[in-house]
Structures are given as structure tokens and as C-alpha cells.
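Student: The following block contains the structure, expressed as C-alpha cells.
The values are calculated or read from the model by the stated rules, or taken from the named source; none is laboratory data. If you're wondering where the values come from, they're calculated on a predicted model, not measured in any experiment. Here the Cβ positions follow ideal geometry from the backbone for every residue, glycine too, while neighbour counts run over all protein chains shown.
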Amino acid sequence: MTISDLNRYDARAAIESLVGGVAPSPSVTNLISVGIDDDLRVFEEEYFGEDGLLRHTDQGTFKLVEAYYGGGKTHYLRAVERLAHRHGFASAFIELNKDSCPLTRFDLIYSSVVKQLTAPRPGHPNARGIGEIIRTWVEPPADWDGDSVQYAQSVLQKAGDLPLSSMRIAIQLAGLAVASGDSTTYDEVMVYLNSGMIAPALKRKGVLEKVDVRSGSLAIRTLAVWLRQIGYPGLLLIMDEGDRSLSIANTKERKTASNNLVQIINETLKGSDWPGVMFLYSIPGWTEFKSMLSADNQALDQRVRTTGFPTLPPAPRIVLDDRYQDDGSKTRFCVALGERLLALFNAAGLSPKLSDGDGARIAERVARAVLRETVDVSFRRMFVKTFIKALYHARSAGPPSDSEISNFVTDAR
């Protein structure tokens, strides 16, 4: 699929998102991505593809993705997620928050993961949430002429043991409830699987282990193991700290969060605790993050010190902020992105009044104007907003002047 294949409404929706500073849908994000082809190739060859590490071993991996506000972090994460789906991996993209989903509370992280869980279904929309994934798993194929409960039982029997046995029982109960139309049991199980809270009726059926702060990490691992058992090669777990504030509030929590990160990294390297799982943990910047988290945690510093991705695929740190070191490389990036954005405008039926080559020339002028106003990675976000405004101007009044572009840049700050 190319940008020109988009329908006009999806293209317009993407433009709306970009003007608001939000990454558009994953499919559009993939189409307009610029400058990350080498990264995606490495993710595919080393991790998600047919010869990928995650597909053929029980080992997991951890990557720290860093970029400041406007540095393309969300765009990058969504592109990796899209790639993982293409290769059959399930995913969960969660936003960490100090009030509702902090790094110190694996139980709350589990609850967020299970609600955001997304699994690809070739030829069909992705399954979203654990309930829909269970339904997809136990649903008989179109050519099945037997009893739906019988089919569900045959599927459920193929699943093995899980680290958290109560989750195994709950998933089996949910599968049978789907097949038999038992909405009461299904709803009770969904409460447990989504929140960890156990209804009395489920206790009588063997669901005895609640998901709390002590078992939250085990519950996430159980989810990953189960996904592998039912046919998915692995799980991409994206945890985004956001741009403005961290999910860790005080000194005690910082130490706990720091230790939790070391625990995750160590366990992924063991080779069996997180089979087929890739953690992408995104932060604004490592130096400030390390200082705020726990400056004296040498173990964490040693685990994530190495950079160099994608040239060095095993490197645990992916630094997006250092990709474009000079104005020349930044301008070339903007011109390439401008070409994609102009194609998006055309797909949306918003074609500007431009002659051949005008789009690239406007993109270069906008890039230079933006770079005069900013020296950090937010040049990308400012360029997108300013260039889109320039295209709208070109649609009604032709290419904008340099002074008009300068005003657009001021408005975009």
C-alpha cells in the first residue's frame, strides 16, 4: 500500500492528527515514515522476521528508546509495532503515568497491557483486548460442522501450563464460556483477567491467585507465554514514559523503579523468563532520566550504556536525538518528509496549487526557517506543522513568501 492508495478521509484524518502534534494511525505512520528504514530492517532481520531471535529462542530483549519532545519517538514506536504485527507478533502500547500506571506497580502495568493487547489476524482487523483474542482463538473455522463447545475444548486442551496457574484456569473458563454462550462466567473472568480481582464464583472454580503488586510481573509473563502457546511468535511490549513527566514520583519509588528496570533487563537476557518478548521502554533523554530515577544504580547504567543501534543490533539504547547532527542532514530529512506530506495532501483531495518541484523547494525553505528558530530535535514537529500550514496556503493562494513562512514557524512554536 502507498500513500496514494489511502482514501481521502483517512488522509484528512492523518493531517488533522499531525497538526495536533499526534502520530496518525499506525498504517499511515508506516507510509510517511522517513529516516528509519535501517532501524526497521534490523528489527525485522534480527528480531521479528523468519530468522529472528525472538521467533526461534526463548530469549527476550530490552531496548531503551530515547528522544525529547518532538523527536519522533511515538512515530518510531508505532512503526516498530506495525512491523511486529506484519510478522505475526502481538503487541501492547501503554503509557506510563504516576497516578494510574507507574513503573513501580507491575499489577497496574499488567492491567494496562491486557487492555491494550493487540493481535494481528491476517485478512481481518486486529483483535484488541484479551477477550477478543480468546474469542478468536476458540472460534471454530468456517468449515467446522461440529459442536462449538467440542471445538473449544479441543483447542483449550492443546495449551500447556502457565506460570500463574489461576490465569490458565481463567482463560479456559473464558474460552468455554464463549463457546457455550455463558455470558455470566465470561464477564466474571474478564473482570479477573483485566483487573486481577476475583469474584467469589471464580474462587469456587479454582481461580485463587489475584494479580497484585507482587504477582504483576508474573502475570505479564504468563500472558506472553500463553500468546506463544496459541500461535503468536512473541509479544512487543511498548512502555512510554511520555515527554513531560515521569511515572515515578518520590525517592522511594525511584529506587523501586530503577530496580524493576534492572530486573526486566536481567530476566530478558537469561533466555527463558520472557520468551519471544521485546520490551521497548521510551524516555525523553537518558542523562536526565538516570538522574531523576536513581543516579547511584550502577547496574542499570551498565545494562543500558551501550549505544549504536541499528549499526550494532544488540545495543540496548536507541538514541533518536543524535540521528541528524548538522543543518544539512536535517534539511534533507525535512525535504524527504515534505514529499510524503505533499502526497498525503494529494490523497486527501487537498492538492495545493504547485508546479513541478515547488513542493521540494517549499519544504527546503520551511526547513531552513525552522532551523533558524530551534536547535533541538523539536525541529521535526515544528517542520511538520509549518509545512502543512504552507501547503494549505499554497492551496488557496500559491506558494508562501519567506516572511509568511517565518510567521508560520512562529505560530508552530
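Student: Would you tally the residues in region 280-329 being in a loop (DSSP other than H, G, I, E, B) and either among the hydroxyl-bearing types (Ser, Thr, Tyr) or closer than 24 Å to Lys98 by Cα (or both)? Reasoning before the result, please.
Tutor: Filtering region 280-329 down to residues in a loop (DSSP other than H, G, I, E, B) leaves 284-285, 295-297, 304-316, 320-326.
Applying the additional criterion that residues be either among the hydroxyl-bearing types (Ser, Thr, Tyr) or closer than 24 Å to Lys98 by Cα (or both) yields 284-285, 295-297, 304, 306-307, 311, 324.
The qualifying residues number 10.
Student: Here is a follow-up. Considering only region 106-159, give the helices (runs of 4 or more DSSP H) lying wholly within it that have at least 1 residues that are touching a strand residue (DSSP E or B) at 6+ places or on another chain (Cβ under 6 Å). Break it down into steps so the answer makes sense when it comes.
Tutor: Values: elements: 106-116, 129-138, 148-157.
Where helices (runs of 4 or more DSSP H) fall fully within region 106-159 and carry at least 1 residues being touching a strand residue (DSSP E or B) at 6+ places or on another chain (Cβ under 6 Å), they are 106-116, 129-138.
Student: Among the residues of region 143-162, is any among the hydroxyl-bearing types (Ser, Thr, Tyr), within 25 Å of Leu235 (Cα to Cα) and either surrounded by 17 or more Cβ atoms within 10 Å (Cβ to Cβ) or under 22 Å from the mean Cα position of the chain (by Cα) (or both)?
Tutor: At the first step, the residues of region 143-162 found to be among the hydroxyl-bearing types (Ser, Thr, Tyr) are 148, 151, 154.
Cutting the leftovers down to within 25 Å of Leu235 (Cα to Cα) gives us 154.
Then drop every residue that is not either surrounded by 17 or more Cβ atoms within 10 Å (Cβ to Cβ) or under 22 Å from the mean Cα position of the chain (by Cα) (or both), which leaves none.
No - not one qualifying residue is present in region 143-162.
Student: Restrict the check to region 73-91 and report whether at least one residue is more than 25 Å from Leu320 (Cα to Cα) and either part of a helix (DSSP H, G or I) or free of Cβ contacts under 8 Å to residues at least 12 places away in the same chain (or both).
Tutor: Quick first cut of region 73-91, residues more than 25 Å from Leu320 (Cα to Cα) only: 88.
Now drop any that are not either part of a helix (DSSP H, G or I) or free of Cβ contacts under 8 Å to residues at least 12 places away in the same chain (or both), which leaves none.
No; the residues of region 73-91 include none that is more than 25 Å from Leu320 (Cα to Cα) and either part of a helix (DSSP H, G or I) or free of Cβ contacts under 8 Å to residues at least 12 places away in the same chain (or both).
Student: For Val207, which of the numbered conditions (1) surrounded by fewer than 20 Cβ atoms within 10 Å (Cβ to Cβ); (2) touching a Ser or Thr at 6+ places or on another chain (Cβ under 6 Å) fails to hold?
Tutor: (1)
Student: Counting only residues that are in contact (Cβ under 8 Å) with a residue 12 or more places away in the chain, closer than 23 Å to Thr74 by Cβ and in a helix (DSSP H, G or I), how many does region 332-378 have?
Tutor: So the answer is 20.
Student: Every residue in region 160-177 that is part of a helix (DSSP H, G or I) and either at pLDDT below 95 or of a type outside the set (A, V, I, L, M) (or both), please. If you could, list the steps in order and put the result at the bottom.
Tutor: Step one: list which residues in region 160-177 are part of a helix (DSSP H, G or I), which gives 165-177.
Once the filter is applied, which keeps residues that are part of a helix (DSSP H, G or I) and either at pLDDT below 95 or of a type outside the set (A, V, I, L, M) (or both), region 160-177 yields Ser165, Ser166, Arg168, Gln172, Gly175.
Student: As an exercise: evaluate Gly196 against (1) at pLDDT 95 or above; (2) in contact with a Lys or Arg (Cβ under 6 Å, 6 or more places away or on another chain) and give the number of the one condition it does not meet.
Tutor: The failed condition is (1).
Student: Inside region 84-99, can you point out the residues that are at pLDDT below 95 and either touching a helix residue (DSSP H, G or I) at 6+ places or on another chain (Cβ under 7 Å) or among the small types (Gly, Ala, Ser) (or both)?
Tutor: Of everything in region 84-99, just one residue is at pLDDT below 95 and either touching a helix residue (DSSP H, G or I) at 6+ places or on another chain (Cβ under 7 Å) or among the small types (Gly, Ala, Ser) (or both), namely Ile94.
Student: Right, here's the next one. Any chance region 131-151 includes a residue that's under 30 Å from Pro200 (Cα atoms), touching a helix residue (DSSP H, G or I) at 6+ places or on another chain (Cβ under 6 Å) and in contact (Cβ under 8 Å) with a residue 60 or more places away in the chain?
Tutor: yes
Student: Considering Gly49, Gly70, Gly35, which residue is touching a His at 6+ places or on another chain (Cβ under 7 Å) and within 29 Å of Arg305 (Cα to Cα)? Give the steps one after another, and end with the answer.
Tutor: Working: Gly70 fails: touching a His at 6+ places or on another chain (Cβ under 7 Å); Gly35 fails: touching a His at 6+ places or on another chain (Cβ under 7 Å).
Answer to the check: Gly49.
Student: Same structure, new question: Tell me which of these Leu117 doesn't satisfy, since it passes every other one: (1) touching a helix residue (DSSP H, G or I) at 6+ places or on another chain (Cβ under 8 Å); (2) without any contact (Cβ under 8 Å) to a residue 24 or more places away in the chain; (3) surrounded by 19 or more Cβ atoms within 10 Å (Cβ to Cβ).
Tutor: For Leu117, the failing item is (2).
Student: Separate question: Looking at Gln263, Gln298, Gln302, which is the one that is touching a residue at least 40 places away in the same chain (Cβ under 8 Å), assigned by TED's automatic domain parsing to the domain that holds Arg41 and loosely packed, with under 15 Cβ neighbours inside 10 Å? Lay out the reasoning, then the answer.
Tutor: Numbers: Gln298 fails: touching a residue at least 40 places away in the same chain (Cβ under 8 Å); Gln302 fails: touching a residue at least 40 places away in the same chain (Cβ under 8 Å).
Testing whether each residue is touching a residue at least 40 places away in the same chain (Cβ under 8 Å), assigned by TED's automatic domain parsing to the domain that holds Arg41 and loosely packed, with under 15 Cβ neighbours inside 10 Å leaves just Gln263.
Student: Could I ask something else about it? What is the residue count in region 99-124 for residues that are of a type in the set (Lys, Arg) and under 19 Å from Met278 (Cα atoms)?
Tutor: Taking region 99-124 and keeping what is of a type in the set (Lys, Arg), we get 105, 115, 121.
If we keep only those that are under 19 Å from Met278 (Cα atoms) as well, we get 115.
Qualifying residue count for the region: 1.
Student: Could you check how many residues of region 279-313 are aliphatic (A, V, I, L, M) and under 22 Å from Ile94 (Cβ atoms)? Show your work before the answer.
Tutor: Of all residues in region 279-313, those aliphatic (A, V, I, L, M) come to 280, 283, 292-293, 295, 299-300, 304, 312.
Subset that is under 22 Å from Ile94 (Cβ atoms): 280, 283, 292-293, 300, 304.
So the answer is 6.
Student: Can you name every residue in region 355-370 that is surrounded by fewer than 18 Cβ atoms within 10 Å (Cβ to Cβ) and either under 13 Å from Val409 (Cβ atoms) or of a type outside the set (Gly, Ala, Ser) (or both)? So that I can check it myself, show each step before the final result.
Tutor: Quick first cut of region 355-370, residues surrounded by fewer than 18 Cβ atoms within 10 Å (Cβ to Cβ) only: 355-358, 360-361, 364, 368.
Asp356, Asp358, Arg361, Glu364, Arg368 - these are the residues of region 355-370 that are surrounded by fewer than 18 Cβ atoms within 10 Å (Cβ to Cβ) and either under 13 Å from Val409 (Cβ atoms) or of a type outside the set (Gly, Ala, Ser) (or both).
Student: Continuing with the same structure: Would it be correct to say that Thr374 is polar (S, T, N, Q) and surrounded by 23 or more Cβ atoms within 10 Å (Cβ to Cβ)?
Tutor: Values: polar (S, T, N, Q): yes; surrounded by 23 or more Cβ atoms within 10 Å (Cβ to Cβ): no.
So Thr374 does not fit the description; no.
Student: For region 316-333, give me each residue that is surrounded by 15 or more Cβ atoms within 10 Å (Cβ to Cβ) and out of contact with any strand residue (DSSP E or B) (no Cβ under 8 Å at 6 or more places or on another chain).
Tutor: Those that are surrounded by 15 or more Cβ atoms within 10 Å (Cβ to Cβ) and out of contact with any strand residue (DSSP E or B) (no Cβ under 8 Å at 6 or more places or on another chain): Arg323, Tyr324, Lys330, Thr331, Arg332, Phe333.
Student: Here is a follow-up. Where residues in region 1-54 are in a helix (DSSP H, G or I) and hydroxyl-bearing (Ser, Thr, Tyr), which of them is nearest to Phe408 (Cα to Cα)? Full working, then the answer.
Tutor: So the first thing to find is which residues in region 1-54 are in a helix (DSSP H, G or I), and the list is 3-5, 8-19, 26-32, 37-48, 53-54.
Narrowing further to those that are hydroxyl-bearing (Ser, Thr, Tyr): 4, 9, 17, 27, 29, 47.
Numbers: Ser4: 27, Tyr9: 25, Ser17: 18, Ser27: 28, Thr29: 24, Tyr47: 42 Å.
Filtering first and then ranking leaves Ser17.
Student: Taking region 196-229 as the region of interest, how many residues are over 26 Å from Asp58 (Cβ atoms) and assigned to a helix (DSSP H, G or I)?
Tutor: Number of matching residues: 4.
Student: Further question on the same structure: How many of the residues making up region 211-244 are in contact with a Pro (Cβ under 8 Å, 6 or more places away or on another chain), within 22 Å of Val189 (Cα to Cα) and among the small types (Gly, Ala, Ser)?
Tutor: Count: 1.
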